Amino acid sequence: MVQNTALALLPVITVLVVSVLTKRALLGLFSGTIVGAILVGGWGFFDSLVGLVGSSLSNETVHWLVLVVVLFGILIAYFNASGAVNDFARWTERFVNTRRKSLLLTWLLTIALFIDDYLNALTVGTSMKRVTDRYNVPRTLVGSVVKLTSAPIAIIIPFSTWAIFFAALLEQDGVTVNGSGFGAYIAGLPYIFFGWIALAIGLLLALGVLPLVGPLKREQERADRTGDPLPAGLTAEERAFELAEDGNESSRPLPFNFLIPIVTLITVTILTEVDIVKGAAAAVVVAIILYLVQRRLTLKDVAEQAFEGITSMGYVIVLFVLAFMVQQINMDLQLAEWVIGATEPVMNGALLPAIVFLVCGLYAYATGAFWDLAAVITPVVLPLAIAVGVDPVLAGAAVFSGAALGSTTCLYGDGMILASKSVGVKPLNLMLSILPYAGLAAALSFIAYLIAGYVSFNG
């Protein structure tokens, strides 16, 4: 087995290169797993590949994600068949009557659902795409606004799942303020530069202040020319599903048929200590009761739409399984250890926060590991920061900013997969659309960490 060498980068490079060249994220991930299995198992790579499949399928996080996407698939199918989403879109006409307002509402809803980036990535795209379609807004632009906001807001609001986890890491590694890691996290919030800058860029993009560039510009030109907000590359079935009219439509739009299940989802999720599975299950039950009572669905429809919702998420589930196989390969090849060993010599003095942010951001983007990355690297970075005279709170914030950068941009990260599904585009289309803006946020964050590093350096 190849361990702790530069060859450990080969599966990740394969994933990115094949995905971009073929415009198929699924093929890229599959190719990466084959290359990784060969590196891990040599001539016995087939056995390694089978073992990786078993490892991914038995992963508790994969089980949790499958439950989440299946429940959301069922809920979305009920929304579409009952006319709930179309009713919501028609109702918003009262106060959303321009392209700018539709995108601003998208940004504000993502902010409001800060509790978890899965929650806002799935919910906002589902609820807003029919609204933005009225103004010929490319679906990739809707997804870009959501993704530029979802992880950043979760990392800078101290009561989200991200903040709770990262605060625990700080305390575990002995970095506290007033005796707690949570206090240290609060003290570090001003230094989570990527979070703040990405939020601002998402808002400016929604308001039309920032110009559309690269893939987004081409998508807007295409949408203006064809009147179709969906990107090229979707299958006929996927396009039909996204553009299909809802099954039922009332003469007077009833937004509560959409809002009541969504409010149930959010409320139950919060009350159950951020358990999105329970929240989604409760929303499905409430939706079934609402639509049966109003005769928008029959019992036969409930069963058929549940099956339709599950099958519509098949592609997402396969992506998750392959993504976790790649993550397991990275662990087997000790990629994190190699990256730390290769970059630790330059992680010193005033440059440390900027180098940490850059390394963490690139690693998270390439591997799809965000929380795992923070758990591995904070025990290395924080003592190193203290030893060289850099504020460990600043160094920790750089790690967390890097994780948020990776979550915002990674092709096969779970947040990217969920957000792309919610707006009806391919993960590759969404990633390429986001990269110029996330890259700008990353460059500005890097400069900010350079400045902060020199200001706080005590060496």
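Conditions tested, residue by residue: (1) in contact with a helix residue (DSSP H, G or I) (Cβ under 7 Å, 6 or more places away or on another chain); (2) open to solvent by less than 10 Å² (accessible area, probe 1.4 Å); (3) farther than 14 Å from T126 by Cα.
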residue: G44; (1), (2), (3): no, no, yes
residue: V50; (1), (2), (3): no, no, yes
residue: S58; (1), (2), (3): no, no, yes
residue: V62; (1), (2), (3): yes, yes, yes
residue: L67; (1), (2), (3): yes, no, yes
residue: L75; (1), (2), (3): yes, yes, no
residue: F79; (1), (2), (3): yes, yes, no
residue: V85; (1), (2), (3): yes, yes, no
residue: L103; (1), (2), (3): yes, yes, no
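Every condition in (1) over 16 Å from R139 (Cβ atoms); (2) in contact (Cβ under 8 Å) with a residue 60 or more places away in the chain holds for R222 except the one numbered (1). Under the condition of being among the hydrophobic types (A, V, I, L, M, F, W, C) and within 30 Å of S55 (Cα to Cα), the residues counted in region 285-325 number 14. The condition of being part of a loop (DSSP other than H, G, I, E, B), open to solvent by less than 40 Å² (accessible area, probe 1.4 Å) and of a type in the set (V, I, T) does not hold for V326.
Residues in region 223-241: is at least one at pLDDT 80 or above, within 20 Å of G424 (Cα to Cα), in contact with a Pro (Cβ under 6 Å, 6 or more places away or on another chain) and among the aliphatic types (A, V, I, L, M)? Within region 223-241 (the criterion being at pLDDT 80 or above, within 20 Å of G424 (Cα to Cα), in contact with a Pro (Cβ under 6 Å, 6 or more places away or on another chain) and among the aliphatic types (A, V, I, L, M)), the answer is yes, since at least one residue qualifies. Among residues that are assigned to a helix (DSSP H, G or I), surrounded by 22 or more Cβ atoms within 10 Å (Cβ to Cβ), modelled with pLDDT under 80 and not polar (S, T, N, Q), A89 is included. The single condition among (1) free of Cβ contacts under 8 Å to residues at least 60 places away in the same chain; (2) closer than 26 Å to L418 by Cβ; (3) touching a Ser or Thr at 6+ places or on another chain (Cβ under 8 Å) that K101 does not satisfy is (3).
Does F45 satisfy being in a helix (DSSP H, G or I) and either of a type in the set (D, E) or free of Cβ contacts under 8 Å to residues at least 40 places away in the same chain (or both)?
Answer is yes for this residue.
Exactly one residue among L203, L210 is under 23 Å from S445 (Cβ atoms), in a loop (DSSP other than H, G, I, E, B) and either in contact (Cβ under 8 Å) with a residue 60 or more places away in the chain or not charged (D, E, K, R) (or both), and that residue is L210.
Looking only at residues of region 1-14 that are buried (at least 20 other Cβ atoms within 10 Å of the Cβ) and modelled with pLDDT under 85, we find that the one that is farthest from the chain's Cα centre (by Cα) is A8. The set of residues in region 159-182 being open to solvent by less than 20 Å² (accessible area, probe 1.4 Å) and farther than 21 Å from L418 by Cα consists of F166, A167, L169, L170, V175, G181. Put simply, of P152, P229 the only residue that is under 30 Å from Y78 (Cβ atoms) and buried (at least 20 other Cβ atoms within 10 Å of the Cβ) is P229.
Of the residues making up region 105-159, those that are among the aromatic types (F, W, Y) and modelled with pLDDT under 90 number 3. What do you reckon, is W64 in contact (Cβ under 8 Å) with a residue 24 or more places away in the chain and among the aromatic types (F, W, Y)? Judged against the criteria, W64 is a match. Taken over region 273-290, the criterion of being open to solvent by less than 10 Å² (accessible area, probe 1.4 Å), among the hydrophobic types (A, V, I, L, M, F, W, C) and farther than 19 Å from N80 by Cβ is satisfied by I276 alone. Residue pairs whose Cβ atoms lie under 6 Å apart, separated by 6 or more positions or on different chains, with the first residue in region 410-421 and open to solvent by 10 Å² or more (accessible area, probe 1.4 Å) and the second at pLDDT below 85, are K421/V316.
The residue of region 295-316 that is least open to solvent (accessible area, probe 1.4 Å), among those that are part of a loop (DSSP other than H, G, I, E, B) and without any contact (Cβ under 8 Å) to a residue 60 or more places away in the chain, is T298. Might you let me know whether region 132-148 holds any residue that is hydrophobic (A, V, I, L, M, F, W, C), crowded, with 21+ Cβ neighbours inside 10 Å and free of Cβ contacts under 8 Å to residues at least 60 places away in the same chain? Among the residues of region 132-148, not one is hydrophobic (A, V, I, L, M, F, W, C), crowded, with 21+ Cβ neighbours inside 10 Å and free of Cβ contacts under 8 Å to residues at least 60 places away in the same chain, which makes the answer no. Residue under question is P436, and the condition is that it be of a type outside the set (D, E, K, R) and closer than 21 Å to V18 by Cα; does it hold? Spelling it out, P436 is indeed of a type outside the set (D, E, K, R) and closer than 21 Å to V18 by Cα. Checked against the criteria, T123 counts as under 23 Å from G279 (Cα atoms), in a helix (DSSP H, G or I), in contact with a Ser or Thr (Cβ under 8 Å, 6 or more places away or on another chain) and hydroxyl-bearing (S, T, Y).
The values are calculated or read from the model by the stated rules, or taken from the named source; none is laboratory data. Quick caveat: nothing in here was measured; it's all calculated off a predicted structure. No Cβ is skipped: glycine too gets one built from the backbone with ideal geometry, and neighbour counts run over all protein chains shown. These accessible areas exclude ligands, DNA and RNA; they are computed on the full protein's heavy atoms, side chains included. Shrake-Rupley method; radii C 1.70, N 1.55, O 1.52, S 1.80 Å.
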